[in-house]
């Protein structure tokens with residue numbers, strides 16, 4: 001821990017090198033920790049994706065959330081989905097209409113209409129343990145990136161946030177999309193790799209880790225991040 005221009009700075013072990021953060025300018029971003037992407041009977045499970053890695057990811061995410069709260073970091077939660085009419089993506093002129101497996105599944109299985117990644121449904125809700133507290137912000141989104149069509153960037157800039165720590169799902173889709181957009185908006189972004197899991201084979205996780213640590217940001221682990229954030233609390 002050190003002081004930079006009168007502000008506390010903390011070094012987080014990461015790849016390709018350690019990342020120095022200023023806690024007052026750092027936010028934790030919790031990406032799509034919903035039944036849709038993590039639970040048996042959720043959308044990803046229904047379309048054939050193995051969601052068993054959630055058994056290790058959820059505790060890791062909760063550990064990072066706890067450490068971030070104790071360190072006084074701002075916390076944002078993304079919640080991905082559509083309104084009951086899927087107005088955000090129901091037109092064939094939208095690429096999402098064609099690429100979203102959830103939308104395709106609901107069109108092909110009408111009994112699931114309004115049940116998958118739809119606001120107000122069980123599928124849309126956060127999994128057990130993920131409970132935003134007063135002062136923590138939920139951002140609804142209908143695209144992979146948390147910056148697309150939301151006020152997320154404005155919220156960050158209003159609070160002078162410069163650095164993002166990302167956890168959640170899925171590594172190679174919504175997490176990576178958000179992290180790439182963060183890079184292009186001049187934010188420093190660190191992915192807590194073992195507090196995410198990929199959609200698809202393990203090679204997808206490896207590819208995202210390679211992309212992030214070589215081109216777009218930094219990669220660390222839940223243990224490393226929690227230890228670094230603990231040092232903030234112990235030096236207050």
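The values are calculated or read from the model by the stated rules, or taken from the named source; none is laboratory data. Bear in mind that the values here come from a model prediction, so they are computed numbers and not experimental data. Neighbour counts are summed over all protein chains in view; Cβ atoms, including those assigned to glycine, are modelled from backbone coordinates with ideal geometry.
Residues in the range 14-34: is at least one over 30 Å from residue 115 (Cβ atoms) and out of contact with any strand residue (DSSP E or B) (no Cβ under 7 Å at 6 or more places or on another chain)?
Yes, that holds for at least one residue.
Just to verify a result, which residue in the range 68-83, among those that are farther than 21 Å from residue 145 by Cα and touching a strand residue (DSSP E or B) at 6+ places or on another chain (Cβ under 9 Å), is surrounded by the fewest Cβ atoms within 10 Å (Cβ to Cβ)? Can you show your working first?
Just the residues of the range 68-83 that are farther than 21 Å from residue 145 by Cα, to begin with: 68-73.
Now drop any that are not touching a strand residue (DSSP E or B) at 6+ places or on another chain (Cβ under 9 Å), which leaves 68-69, 71, 73.
Numbers: 68: 24, 69: 16, 71: 22, 73: 23.
Taking the candidates together, the pick is 69.
Being under 14 Å from residue 215 (Cα atoms) and more than 12 Å from the chain's Cα centre (by Cα) is the filter; apply it to the range 186-200 and report the residue that is surrounded by the most Cβ atoms within 10 Å (Cβ to Cβ). Break it down stepwise before answering.
Kept after step one, since they are under 14 Å from residue 215 (Cα atoms), are these residues of the range 186-200: 186-191.
Filter again for more than 12 Å from the chain's Cα centre (by Cα), leaving 186-188.
Numbers: 186: 7, 187: 21, 188: 18.
Ranking the candidates gives 187 first.
Which of the following residues is over 19 Å from residue 101 (Cβ atoms), crowded, with 21+ Cβ neighbours inside 10 Å and at pLDDT 95 or above: 182, 207?
182
What pairs come out if I take residues in the range 70-82 that are in contact (Cβ under 8 Å) with a residue 40 or more places away in the chain and on the phi > 0 side of the Ramachandran plot and pair them with residues that are crowded, with 23+ Cβ neighbours inside 10 Å and not in a helix (DSSP H, G or I) whose C-beta lies under 6 Å away, six or more apart or interchain?
Filtered contacts from the range 70-82: 81/117.
Can you tell which of 212, 167, 175, 138 is assigned to a helix (DSSP H, G or I), closer than 21 Å to residue 42 by Cα and touching a strand residue (DSSP E or B) at 6+ places or on another chain (Cβ under 9 Å)?
Values: 212 fails: closer than 21 Å to residue 42 by Cα; 167 fails: assigned to a helix (DSSP H, G or I); 138 fails: assigned to a helix (DSSP H, G or I).
Of the residues listed, the single one that is assigned to a helix (DSSP H, G or I), closer than 21 Å to residue 42 by Cα and touching a strand residue (DSSP E or B) at 6+ places or on another chain (Cβ under 9 Å) is 175.
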